[in-house]
1. Taking the Cβ-Cβ separation of N48 and F98 as r and a Förster radius of 30 Å, what is the calculated FRET efficiency to the nearest 0.05?
2. Mind listing the Cα extents of the range 2-107 along all three principal axes, in Å, largest one first?
3. How do the peptides 64-73, 44-53 rank, highest first, by the average count of neighbouring beta carbon atoms within 10 Å per residue?
4. Using a Gaussian network model on the chain with a 10 Å cutoff between Cα atoms, which of L32, L23, L84 fluctuates the most?
5. For each pair in K61/K107; K58/K107; K67/K107; K43/K67, compute the distance between the two Cα atoms and list the pairs where it is over 31 Å.
6. For labels at D108 and V89 in the simple 7 Å Cα→Cβ model, what's the distance in nm?
Amino acid sequence: MEQAGKFPEGIIVDGVCHCDFTLVEKTFRTTLEVSNDPTIDRKLMDDNAYYDACLYAKRLKVKGLDKLTPEQVLDLSGPDSDELILAEVTLEKRRQAFRDAAQAASKDPGSPA
């Protein structure tokens, strides 16, 4: 599951502003990828903000960028981080609605859900 969004200010790389993004669902795989990524500064992993930035860097797909770094996530402007949080909340609500519908359908096999 994923949620599209648009940064109001964007991430500027090599003079190009990148605003369109997609946030994918957090999975256990994401956590493992962060834990095993040799490019991530292990000394900073105890810092919750840095760890969260690492997770977002793995989960965010920004149009025009191959990869996002934790530092780029930490450098998001206030309005951009607000948009990211909104996408996170929306994605979680959609995920929960999907799980609730699946659970309801499993209790009522005749349900169209």
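1. 0.60
2. 52, 31, 22
3. 64-73, 44-53
4. The residue with the greatest mean-square fluctuation here is L32.
5. K61/K107; K58/K107; K67/K107
6. Modelled inter-label distance: 3.0 nm.
Each value in this text was obtained by applying a stated rule to the coordinates, not by laboratory testing. Computed from a predicted structure; not experimentally measured. All Cβ positions, even for glycine, are placed from backbone atoms using ideal geometry, and neighbour counts span all protein chains on display.
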